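To keep things clear, I will list the structure first and then write my remarks on it.
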Amino acid sequence: MLFIRSAIFLIFQMITAILFSLIGFLLWPLPFKWRYKIISRWAVLNLWFVEKICGLSYQIEGLDNIPDEPCVIMCKHQSAWETLVLQAVFPPQVWVLKRELLWIPFFGWGLAVLNPIAIDRGAGRKALHQVLEQGKERLESGAWVVVFPEGTRIPRGEMGRFGMGAARLAVEAQCAVVPVAHDAGKAWPRHSFIRHPGIINLVIGEKITSVNKKAVELNEQVYQWMEQQMTRLEGSKPVTRKILVKEGK
């Protein structure tokens with residue numbers, strides 16, 4: 001039954017991805033916030049589908065921690081689920097992601113409409129410079145910037161080392177970081193076709209100022225917060241991966 005429900009959800013997800021990508025082409029001349037408001041409804045719709053079809057819902061802790069001003073979101077990366085829920089919960093945002101995602105038919109085209117910071121993860125300092133330059137432009141325009149500092153989806157019970165891009169961006173732009181933790185991997189594991197019924201817990205932390213901090217210090221502060229929250233959510237302290245994966249969803 002789980003397989004059938006997951007298959008039905010995937011069909012709806014693919015159909016709506018095609019539909020919204022086509023809508024995105026028509027909306028391209030419009031301002032970003034208008035495009036975002038409409039295209040992000042795809043994420044909200046899919047959260048509704050996965051709840052009604054697969055029995056997978058979520059609850060939020062710390063919703064009142066979302067500030068009014070644009071910030072850098074540093075989010076735990078376990079699943080594809082968080083890429084949906086961030087759009088449903090936070091103000092208009094752009095993501096730092098690997099440019100190859102934009103090459104995926106329909107899905108990638110829809111992503112392109114949302115004005116992401118698409119980097120070549122093998123470009124090293126050039127990619128970091130792109131994150132800093134374009135990230136500051138996006139923040140100044142009023143958009144939030146989402147970074148998955150682990151660089152890729154990490155299995156439950158583990159944490160990846162944090163890249164420096166998000167912390168560097170926050171320090172140079174003099175904006176705060178909003179940390180986000182969750183346990184989506186228990187119900188929507190990475191690389192898994194099956195969506196399990198249950199409740200995902202999402203935790204939004206208080207904003208962490210970047211004023212008078214070095215990027216290394218800020219990065220470590222967010223990492224410690226994330227480690228504490230994941231220990232609480234999963235019941236044991238996560239194992240730290242030794243290999244650093246370059247940032248980009």
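The values are calculated or read from the model by the stated rules, or taken from the named source; none is laboratory data. Values in this document were obtained by computation on a predicted structure and should not be read as measured data. Don't worry about glycine lacking a Cβ; one is built from the backbone with ideal geometry, like all the others, and counts go over all protein chains shown.
Structure summary
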item: Matching residues in region 189-215 - criterion: being over 20 Å from T152 (Cα atoms) and not in a strand (DSSP E or B); result: H196, P197, G205, E206, K207, T209, S210, V211, N212, K213, K214, A215
item: Residue match in region 222-231 (condition: in contact (Cβ under 8 Å) with a residue 40 or more places away in the chain, outside any helix (DSSP H, G or I) and surrounded by 14 or more Cβ atoms within 10 Å (Cβ to Cβ)); result: no
item: Per-region count, region 139-162, residues surrounded by fewer than 23 Cβ atoms within 10 Å (Cβ to Cβ) and closer than 25 Å to P29 by Cβ; result: 6
item: Meets criteria (under 25 Å from F32 (Cβ atoms) and either at pLDDT 95 or above or outside any strand (DSSP E or B) (or both)) for V178; result: yes
item: Sole exception among (1) small (G, A, S); (2) modelled with pLDDT of 95 or more; (3) within 25 Å of I194 (Cβ to Cβ) for G62, by number; result: (3)
item: Residue match in region 40-52 (condition: over 15 Å from A112 (Cβ atoms), at pLDDT 95 or above, surrounded by fewer than 19 Cβ atoms within 10 Å (Cβ to Cβ) and over 22 Å from the mean Cα position of the chain (by Cα)); result: yes
item: Residue satisfying condition, being surrounded by fewer than 19 Cβ atoms within 10 Å (Cβ to Cβ) and either of a type in the set (D, E) or assigned to a strand (DSSP E or B) (or both), within set E69, E82; result: E69
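Each row is one residue, and each column tells you yes or no for (1) in a loop (DSSP other than H, G, I, E, B); (2) free of Cβ contacts under 8 Å to residues at least 40 places away in the same chain; (3) farther than 19 Å from A181 by Cα.
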residue: L97; (1), (2), (3): no, no, no
residue: L111; (1), (2), (3): no, yes, yes
residue: K126; (1), (2), (3): no, yes, yes
residue: H129; (1), (2), (3): no, yes, yes
residue: R138; (1), (2), (3): no, no, yes
residue: P149; (1), (2), (3): yes, no, no
